[in-house]
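The values are calculated or read from the model by the stated rules, or taken from the named source; none is laboratory data. What you see is a predicted model; the values in this text were computed from it and never measured. These area figures cover heavy atoms from the full protein model, side chains too; ligands, DNA and RNA do not enter into them. Shrake-Rupley method; radii C 1.70, N 1.55, O 1.52, S 1.80 Å.
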Amino acid sequence: TAYWRLNITDNSNTDGYIQLGRVFIGDQFRVGTNMDYGVRLGVQEDDTIITKSPSGIESYIDAPNKRTATFAHQFVGYDVGDQYLAAAVRDGITGACLFEFDPDDKLEGLRTFICRKQNLTPLDYPIYNKNSVAFNMVEII
């Protein structure tokens, strides 16, 4: 278990506290190049339960929708491949991470979300001194 201390100084804050909806603090794994073309952002089919009465009236037990991201980094250096492999060994599919489509995203976080790997994809060695790796991510609610 790790503990973090976060100090925020805001002299203009007369309330004396701040409210944060959700904070993610974790190891950084940032690739120095953009994702390859063909990124797929979507919504995973949710686990909503739909039942129908004998008279045909439907009722629902809603489950939250989860965003997904499928993307790849091809022909990156061994340093990136090593970081991916270390994270896969350490975290498996349950380790949380932050998917950030664009650091300058103006869509109020629509394309940025806390997620985990849906599966562990293999690390490829397509050419000398380069790795390729694919990611299939699903949002953590």
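Rolling a 1.4 Å probe over the protein heavy atoms gives the chain an accessible area of 77 Å² per residue. Whole-Hz Karplus values for region 8-17 come out as 10, 10, 9, 5, 8, 7, 7, 6, x, 8 Hz, taken residue by residue from phi with 6.51 cos²θ - 1.76 cosθ + 1.60 and θ = phi - 60°; glycine and proline positions read x.
The C-alpha radius of gyration of the chain, expressed as a fraction of 2.2 N^0.38 Å, stands at 1.36.
For the chain, the tally of Lys pairs with Cα-Cα distances below 27 Å comes to 5, considering only residues 8 or more apart or on different chains.
Within the accessible area of region 1-89, the carbon and sulfur atoms contribute 49%, probe 1.4 Å, all protein chains present. Remark: region 100-111, residue by residue, has Karplus-estimated 3J(HN,Hα) of 10, 5, 8, x, 9, 4, 9, 8, 6, x, 4, 9 Hz, where x stands for each Gly or Pro and the curve is 6.51 cos²θ - 1.76 cosθ + 1.60 at θ = phi - 60°. Taking Thr14, Thr51, Thr121 in turn, the Gaussian network model of the chain (Cα-Cα springs below 10 Å) assigns the largest fluctuation to Thr14.
Which far-off residues, 5 or more places away or on another chain, put their amide H under 5 Å from the one on Gly77, with H placed in the peptide plane? Those lying under 5 Å, H to H, from Gly77 are Asn131. For the chain, modelled as a GNM whose springs connect Cα atoms under 10 angstrom apart, the maximal fluctuation among Gln44, Gln83, Gln19 occurs at Gln19. The residues Thr94, Thr70, sorted by heavy-atom accessible surface at 1.4 Å with ligands and nucleic acids left out, run Thr94, Thr70 from largest to smallest. For region 66-79, 3J(HN,Hα) computed residue by residue from phi via the Karplus equation (6.51, -1.76, 1.60; θ = phi - 60°) reads 10, 6, 10, 9, 10, 7, 9, 10, 10, 6, 9, x, 4, 4 Hz, glycine and proline entered as x.
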